[in-house]
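See structure below.
The values are calculated or read from the model by the stated rules, or taken from the named source; none is laboratory data. Note that the structure is predicted; figures quoted are calculated from it, not measured. Note that each Cβ is placed from the backbone with ideal geometry, even for glycine, and that neighbours are counted across all protein chains shown.
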Amino acid sequence: MKKLMRKKISVFGKSIPVFVIVLLGLAVVSAALLPYFAQITGNVTVSQSVLFDNVDINGASAITEDMNGVAGNIFHEADHNLRNNANTWVLVDFASAKVGPAEKDTEGAGLTVYPEFKLVPTTDGDGDNDVGDEDDVHFYFGDEESGDMQWSAFNSVSFNYNKIDGPSDRVPHVNAWLRSPDGVTVLSISTWNGGSPNPTISEDGKTATYTKSQFVTSAGGASVATGYDDWEIREVRIQSGNPGADPSADSDLQVVYVSNVKVNDGSIGNVIELPTSDYANVPGAIVEFRMVYGFEYNSYPGEYTTTTEVDYTGIITESGVLITDTS
């Protein structure tokens, strides 16, 4: 090495030590090594999973519903719809905030706002399913603060309904799922027992209540009135249309709005599950609703403003587990 450091060569008329030339050569060789074996660049353009009125958040400006009327009345505007284009059923929550007249009812105590879900069964089959007339909405227990789903003891199911068209003696069916005390077994139950159910109707004709004894394990099957005392419930599907009838001859078709679904004495709230677009009950693949604004008779006069957001809550896996973070 000492000899190399002493030895010099002439390059373009200048004397340069040989060891410098060696180092330069090493540098050239090092620079020729591969920095990697392959490089992958991903450019992904995604579309919105849940559409509101068939457009995404970029295609629709905020909707404002302007109404005028007298305190004590109920107001509503046009129907809206939610469509889920993802390949997984999605839970969403309707969260409303309200403000009343300044210095009078700033928290909007005189106003109640909630979504009212529209069930529109159809006589048109989907080609693969000859009995495809029923429409349903899937309600889940939900904690408004955390969004966590909750299992609860089961005694009854009630809901408000507002018939728009169809037979006057028809009340929507209810399908539900019970979980065994050990959390292992899930049982499907229904109020449909081969004919029209017979719920208790409130005096004002607006609320229907099905007791536990009116649910069966299958059409013509055993009642769940006994033997399921410790079983719990988490999901309720309100359904309009006769699931066992020929859609071309179904006399039970009824267009109806449902809201304020309750199990026992507790409100389920407004957490609903949106099926995928290939859902077997064709009308149920699109969830239709309208916002309802109800005022107390002694509400302060003035302008009330509400803002309702449809928020992502999570997904329910096949094992019944709620997942709120899918990243």
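Values for this structure:
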item	result
Wholly within the stretch 261-319, strands (runs of 3 or more DSSP E) carrying at least 1 residues that are surrounded by fewer than 18 Cβ atoms within 10 Å (Cβ to Cβ) and among the polar types (S, T, N, Q)	305-316
Strands (runs of 3 or more DSSP E) contained in the stretch 67-178 and holding at least 2 residues modelled with pLDDT of 90 or more and under 30 Å from Ile323 (Cβ atoms)	80-84, 90-99, 111-119, 135-140, 156-165
All positions within the stretch 54-100 that are of a type in the set (Ser, Thr, Tyr) and under 30 Å from Ala280 (Cα atoms)	Thr88
Count of the stretch 29-84 residues which are small (Gly, Ala, Ser) and within 18 Å of Lys98 (Cα to Cα)	4
Conditions (1) in contact with a Lys or Arg (Cβ under 9 Å, 6 or more places away or on another chain); (2) assigned to a loop (DSSP other than H, G, I, E, B); number of the one not met by Leu51	(2)
Some residue of the stretch 64-83 being of a type in the set (D, E, K, R), farther than 16 Å from Thr306 by Cα, assigned by TED's automatic domain parsing to the domain that holds Ser277 and free of Cβ contacts under 8 Å to residues at least 24 places away in the same chain	no
Sole residue being at pLDDT 75 or above, under 30 Å from His76 (Cβ atoms), within 16 Å of the chain's Cα centre (by Cα) and among the charged types (D, E, K, R), chosen from Glu296, Glu288	Glu288
